[in-house]
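Throughout, read-outs are computed from the coordinates displayed, never taken from laboratory work. Here the structure is a predicted model, which is why all the values come from computation and not from measurement. Because the Cβ atoms are built from the backbone with ideal geometry, glycine has one as well, and the counts that use them run over all protein chains shown.
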Amino acid sequence: TEQEAPSTDLITLTRHILAQQQALGEKASGELTLLLIGIQVTSKYIASQVRKARLINLVGLAGDSNASGEEQKKLDVLSNDIMVNALRASGQCSVMVSEEVEDAIVVTGRSKGTYCVVFDPLDGSSNIDAGVNVGTIFGIYKVAPGSKGSVEDVLRPGKEMVAAGYTMYGSSCNLVLTTGQGVDGFTLDESLGEFILTHPNIKIPSRGKIYSFNEGNSLFFHEPTLKYLESIKYPKNNKPYSARYIGSMVADVHRTLLYGGIFGYPGDKKNKDGKLRMLYESFPMAFLTEQAGGVATTGSRRILDVSPTHIHGRCPVFLGSKEDVEDLQKFYNAWE
Ligand code: AHG
Ligand code: MN
Ligand code: MN
Ligand code: MN
């Protein structure tokens, strides 16, 4: 059979963002558009560095540790610097919070803008040296009315974010974005240097067949987590779920959005709030999940309702297909 001719009407990320801005009419100033265009350039830059890392001596440790007590990799530090510089230069940013920087960064002077960006510059850094998928996660708040831009502007529940997304550096480079009007996925066409809309209006299947937990922590898991896992591994219908766990949140969540199922990093007997950081890991992923029709909970409450008290604070995460997360929720409801 004859192959279809290539499309002559590409929807690039920039075109998509501009169209969303135009749809909002006079309400939209175009500032968020400029900020998002700045972020997409950082993703292209980080993607190219990740791809070349082994060749240009960018693997291994940087020699310092971050606010969560983790050893920083060279690529963690480089990705952080790329983002801080680009966000500052965009002129749209007032406050930044990065996994790799202890304190919030407040922009001063002429380049100060009206948005706050919280980000995980490189997610899954334990996977870098083996060439396994890594990513960048970001969330965006608007500075509160009357505020000049301070750390208070980001110590707000995730439901107040105006946009969130991630870029996955994998077998292809994919940027997935929500501005509160659903979720769209883009793939980097390296020959064009442009993100092209390849996954419009992503919706999570209402039930999946995959669970994604670090079961190596089972010794510490609380009863509801253990009982839920047992229920999907030894089900009455003899159709157990499959296990997939990459150990890069971006990759595990990306698969969950596309295929369905459940991803979890529970609070347990050792770490009451789990491992994932609220502002730049849990909130953006919870926002995307809800916008795709899924559910995101700590086990006891909706993630997006939680108020952070510290910029590097953590919370337990369960997210994914509506029915799967609701099944887990039943074990937690019965426990409390
Ligand atoms: P980061 O590399 O940004 O510090 O994040 C690592 C996180 C997340 O990507 C992943 O879901 C989780 O750590 C994996 O943790 P375990 O190795 O404990 O399973
Ligand atoms: Mn880290
Ligand atoms: Mn991370
Ligand atoms: Mn990270």
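With the charge dipole of the chain set up from +1 on Lys and Arg Cβ and -1 on Asp and Glu Cβ about the Cα centre, the Cα lying farthest toward the positive end among the listed residues ALA164, TYR228, ILE311 is that of TYR228. Remark: spin-label model distance GLU336-SER147 equals 2.6 nm, labels positioned 7 Å along the Cα→Cβ axis.
What does a probe at ALA67 reach in segment 96-112, counting residues whose amide N is under 15 Å from the point 7 Å along Cα→Cβ? In segment 96-112, the label zone of ALA67 (backbone N under 15 Å from the point 7 Å along Cα→Cβ) covers 96-107. Find how many whole Å separate the alpha carbon centroid of segment 222-274 from the alpha carbon centroid of segment 123-149. Segment 123-149 and segment 222-274 have Cα centres spaced 23 Å from each other. A simple spin-label model places pseudo-atoms 7 Å from Cα toward Cβ; at ARG156 and ASP103 they are separated by 2.3 nm.
What you get for the chain, charging only the Cβ of Lys and Arg (+1) and of Asp and Glu (-1), is a dipole of about 420 debye around the Cα centre. Model label points for LYS270 and ALA28, set 7 angstrom from Cα along the Cα-to-Cβ axis, are 4.6 nm apart.
Against the chain, whose longest principal axis is taken from its Cα atoms, helix 31-52 shows a tilt of about 70°.
Treating cross-link reach as a plain straight distance, find the lysines whose alpha-carbon is under 30 Å from the alpha-carbon of LYS236, omitting any fewer than eight places away in the same chain. The reachable lysines, counting only those whose Cα sits under 30 Å from LYS236, are LYS203, LYS209, LYS227, LYS269, LYS322, LYS330.
With a Förster radius of 30 Å applied to the beta-carbon distance between GLU4 and ARG207, the computed FRET efficiency rounds to 0.35.
Footprinting exposure proxy ranking of TYR141, TYR245, fewest other C-beta atoms within 10 angstrom first, gives TYR245, TYR141. Measuring nothing but how far apart in sequence close Cα pairs (under 8 Å, 6+ apart) lie, relative to its length, the chain scores a relative contact order of 15 percent. Rounded to the nearest 20, the size of the Cβ-charge dipole of segment 202-336 about its Cα centre is 220 debye, with Lys and Arg at +1 and Asp and Glu at -1.
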